[in-house]
1. When the chain is modelled as a GNM with alpha-carbon springs shorter than 10 Å, which of ILE125, ILE63, ILE79 fluctuates the most?
2. If contacts are Cα pairs under 8 angstrom and at least 6 residues apart, what is the relative contact order of segment 3-245 in percent?
3. Could you pull the Cα extents of segment 1-114 along its three principal axes, largest to smallest, in whole Å?
4. Suppose R0 equals 22 Å. What FRET efficiency, 1/(1 + (r/R0)^6) with r the Cβ-Cβ distance, do TRP15 and LYS237 give to the nearest 0.05?
5. Test of understanding: in a Gaussian network model of the chain with alpha carbons linked when under 10 Å, which of LEU134, LEU209, LEU23 would top the mean-square fluctuation ranking?
6. Name the residues whose placed amide hydrogens come within less than 5 Å of the amide hydrogen of ARG179, ignoring near sequence neighbours (fewer than 5 apart) on the same chain.
7. Which residue, VAL52, VAL201, VAL96, tops the fluctuation ranking in a GNM of the chain built on C-alpha contacts under 10 Å?
8. Round to a whole angstrom and tell me the spacing of the C-alpha centers of segment 68-84 and segment 95-162.
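Derivation of every value follows stated rules applied to the coordinates shown; laboratory data play no part. Model, not experiment: these values are computed from the prediction. All Cβ positions, glycine included, derive from the backbone under ideal geometry; neighbour counts span all protein chains shown.
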Amino acid sequence: MSTYVLVPGFFFGPWVWEEVGRLLGDAGHEVRTVSLTGQGERAGEATSDVGVGTHVADITDAIGDLDEVVLVLHSGATIAGTAAADRLPERLRRIVYVDTAPFPDGMAQIEFLPPDVQAHQRRQIEEEGQGWLLPARPFDEDDRRRDPVALAGLSDRDLALMRRHASAQPAAMVLGPARRPAEIPGTPRTLIASTFTVEQVEAMVGVGLPAFSMLAEPGWTMTELPTGHWPMLSRPKELAELLSGI
């Protein structure tokens, strides 16, 4: 059996992993979920001082003295989660990236987005988030119409839960760059692609897109779970089976 540490992406706390964690536990695995400072049920702890280093510490603390850990990172957890993995390679068995990937040194999460979306998020941070918070997306029907790919597979109940639990995101996670060591640890890595295909990933790697450049490194396995950007909600059983197989 394996030990899984599950890290939520932007706007959410450990609750988003509840069903996947239960299924992994039922299969006999040990599961820990990470509660990140300033988001989810810890939203009240958000301050302008919460930075990438804060979330790195949250993740390394959750790993603690565990060994042979499968570290599972969703979406916006990639920068802090990858930095934590770089620091603790001896404790990790594998890193799993769920609909995300590690960024090269110096790249921020916001740089992954199209220019118009980047500009919109920067305005939100400045005008609505006091310069240090990114407001949560609405997760409503209008949101689903605007972004049917990301919100694919989610029921009305899922969206209602997401609206209820979503919190603003410390903006440092959006704007703060990835910092990677000169020598990247050779921890085995798996990509579970949900809103894009492995073929598309390989094409983006092939043309040298910076956000996908780390996927050109050796040590990767890639698989697909076609759905929206939150497969832990839209297809929890299948995601748990993929993770358990890993």
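1. ILE125
2. That works out to 24 percent.
3. Cα extents, longest axis first: 39, 30, 28 Å.
4. Given R0 = 22 Å and the Cβ-Cβ separation, E is 0.80.
5. Fluctuation is largest for LEU209.
6. GLY106
7. Among VAL52, VAL201, VAL96, the largest GNM mean-square fluctuation belongs to VAL201.
8. 17 Å
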